[in-house]
Amino acid sequence: MPNREITLSMKKQFSEALKKRIACMPFDKITVTELSEDCSVNRQTFYYHFEDIFDLANWCFRNEAEVILGFDEEPFDWKKSVSSLINYIDENNDMCVSLLNSMGHRTLKKTFSDSTERLIRKVISACAPVSEMEISEEELEFNIMFYSMAVSGLLEKYILNELNISSEKLICYIESIIIKNTGFAK
């Protein structure tokens, strides 16, 4: 097995160990030693792959977001991507809340922002090729940033149960924000 595959396999093992631990204890109580023991490796192996537990948590979320959001699927179905993300949050709410509370809003918000920015970029390119848009590149980038931050903020509030709406309604509102208000839909 090539080194790259071994590294990915080890990262996935640490990711699974972290998710199992988060299910039964607060994120900030989990130690590198426990995760290493769960994976039957020494602590140095953990540090070979990750700087710290926060780095592991970020990798875990980014890696799962790639799969959940289906960025590599063709044709890209952004509604399915958003629905999958909301379902993931619903199914893993305890982990998401624990990560958000332990990592701090800024760290997780950055991770959310990166994923939602890719999502918004894919939605825009699926709805209207850049060559057909009647806006400047600077305005396009501003719109991507604006809508990414809006969706990230909504997802954060949804995770913390600060939105009193169903997942279906949230998906509908996100659709409205992304498509109807951006002017990118044909």
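Nothing in this text is a laboratory measurement; each read-out follows from the coordinates by a stated rule. Because the structure is predicted, anything quoted here is derived from the model rather than measured. Here Cβ is always computed from backbone atoms with ideal geometry, including for glycine, and neighbour counts include all displayed protein chains.
Extension gain, Lys169-Glu37: 0.36 nm per intervening residue step, less the Cα-Cα distance, totals 43.3 nm.
Stretching Asp55 away from Leu160 to a fully extended chain increases their span by 35.6 nm, per 0.36 nm per residue minus the current alpha-carbon distance.
Dipole orientation for the chain: of the candidates Ser167, Ile144, Phe112, Ser167 has the Cα lying most toward the positive pole (charges on Cβ; Lys, Arg +1; Asp, Glu -1). Our helix-only sum for the chain, with -39,500 (n - 2.57) per DSSP H run of n ≥ 4 divided by its residues, gives a mean residue ellipticity at 222 nm of -23500 deg cm²/dmol. Considering only Cα-Cα distances, which of the following residue pairs are longer than 19 Å: Lys122/Lys157; Lys79/Lys169; Lys11/Lys110; Lys80/Lys122; Lys29/Lys110? Where the Cα-Cα span goes over 19 Å, the pairs concerned are Lys122/Lys157; Lys11/Lys110; Lys29/Lys110.
Between Asp90 and Arg4, the FRET efficiency estimated from the beta carbon spacing at R0 = 35 angstrom works out to 0.60.
Given (i) 1.14; (ii) 1.02; (iii) 1.37 as candidate values of Rg/Rh (Cα atoms, Kirkwood Rh), which corresponds to the one derived from the coordinates? Read-out from the structure maps to (ii). Relative protection proxy for 138-146, 65-73, from highest mean packing down: 65-73, 138-146 (other beta-carbon atoms within 10 angstrom).
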